[in-house]
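K.L.:
Structure provided below as C-alpha cells; questions to follow.
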Amino acid sequence: MAVAGGYNDAMNKLDRLLTEIRACRLCAAELPLGPRPIVRASSTARILIVGQAPGRRVHETGIPWNDASGERLRAWLQLTREQFYDVRHIAIVPAGLCFPGSGLRGDAPPRPECAPLWHPQLRALMPKIQLTLLIGQYAQAYYLGKRRKKSLRETVMAQAEYLPEFLPLPHPSPRNQLWLKQNPWFEQEVIPLLRNYVTNTLHGAGA
C-alpha cells in the first residue's frame, strides 16, 4: 500500500509540474507566436527524447515531432507513430519548450532560460529514464557540457563515451540532408546501434 501511495504521489507531482510548465509565460515577450510549451512526460517513461525546440507546425498542432523531421526520426528509431507517442514509455522534452521563431537559416535557437528551469525538475520526476537521445547541438550542449566535442560530427562519432546514458544524434531535419550524405557512417553504424538500444530499452518496459 505504501508503494502504491508513493507511486501515486509521484504521478501527482509530475501532473502538477506539467500543468505549471504548460502555463509558463516566462519568455512570452520574446516569442513571435506566443508561448505554447510542448512537452510529454510520465513517471514510467524509459526513453527521453531531447530535441531543439518545436517548429511552427508543431506549435500549431501541439504534437511534438509532427513534421518531416519527426517522420525521419521515427524511421531512425524504427518505431510506429503509436509507439513513438506512447508517453508511458517515451518522454519528449525539447531544449526549448516553445517555438522560438524563425532565423536566417531555419528556426531560431531555443530560449536559453527553458532547459535550466524545467529539465532538472522533470528529470527528478522521471526516475525510470534509462536512455536519453540528444538530438542536435543544443540538446548536446545542455546535457554533455564540457564533454561535448568541437563539432556535432565529432560528438556523434564519440557516442561510446556517452552511452548507455546518452546517445547524441544529428537533427533529422530535411535541412540536414547534406550532412547525412557527407557522413554515410551515421546511417551505416549509428542507426543500427540506436535501434538496438531503443528496442532493448522498450523491451524492458514491456512495450
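K.L.:
Here is a check on your reading of the model: is PRO109 of a type outside the set (A, V, I, L, M, F, W, C), surrounded by fewer than 21 Cβ atoms within 10 Å (Cβ to Cβ), without any contact (Cβ under 8 Å) to a residue 40 or more places away in the chain and outside any strand (DSSP E or B)? Quick ask: steps written out before the conclusion?
P.N.:
Values: of a type outside the set (A, V, I, L, M, F, W, C): yes; surrounded by fewer than 21 Cβ atoms within 10 Å (Cβ to Cβ): yes; without any contact (Cβ under 8 Å) to a residue 40 or more places away in the chain: no; outside any strand (DSSP E or B): yes.
For PRO109, the condition - of a type outside the set (A, V, I, L, M, F, W, C), surrounded by fewer than 21 Cβ atoms within 10 Å (Cβ to Cβ), without any contact (Cβ under 8 Å) to a residue 40 or more places away in the chain and outside any strand (DSSP E or B) - is not met.
K.L.:
Restrict the check to the stretch 72-89 and report whether at least one residue is assigned to a loop (DSSP other than H, G, I, E, B) and without any contact (Cβ under 8 Å) to a residue 24 or more places away in the chain.
P.N.:
Of all residues in the stretch 72-89, those assigned to a loop (DSSP other than H, G, I, E, B) come to 78-80, 85-89.
After this cut, where a residue has to be without any contact (Cβ under 8 Å) to a residue 24 or more places away in the chain as well, the list is 80.
The answer is yes; a qualifying residue exists.
K.L.:
Picking from ARG153, ARG175, which residue would you name as being exposed (fewer than 15 other Cβ atoms within 10 Å of the Cβ), more than 30 Å from ASN8 (Cβ to Cβ) and more than 15 Å from the chain's Cα centre (by Cα)?
P.N.:
Values: ARG153 fails: exposed (fewer than 15 other Cβ atoms within 10 Å of the Cβ).
Result: ARG175 is the single residue among ARG153, ARG175 that is exposed (fewer than 15 other Cβ atoms within 10 Å of the Cβ), more than 30 Å from ASN8 (Cβ to Cβ) and more than 15 Å from the chain's Cα centre (by Cα).
K.L.:
Identify, please: which residue in the stretch 90-104 is touching a strand residue (DSSP E or B) at 6+ places or on another chain (Cβ under 8 Å) and not in a strand (DSSP E or B) and is, among those, farthest from LEU202 (Cα to Cα)? Walk me through how you get there before you give the answer.
P.N.:
Going residue by residue through the stretch 90-104, those that are touching a strand residue (DSSP E or B) at 6+ places or on another chain (Cβ under 8 Å) are 90-95, 99-101.
Filter once more, keeping what is not in a strand (DSSP E or B): 93-95, 99-101.
Working: VAL93: 18, PRO94: 20, ALA95: 23, PHE99: 29, PRO100: 32, GLY101: 34 Å.
Within the stretch 90-104, the match that is farthest from LEU202 (Cα to Cα) is GLY101.
Taken together, the values in this text are just the output of simple stated rules run on the coordinates, not laboratory data. As the structure is a computational prediction, the values presented were derived from the model and not from experiment. Counting neighbours? That spans all protein chains shown, and the Cβs are built from the backbone with ideal geometry, glycine included.
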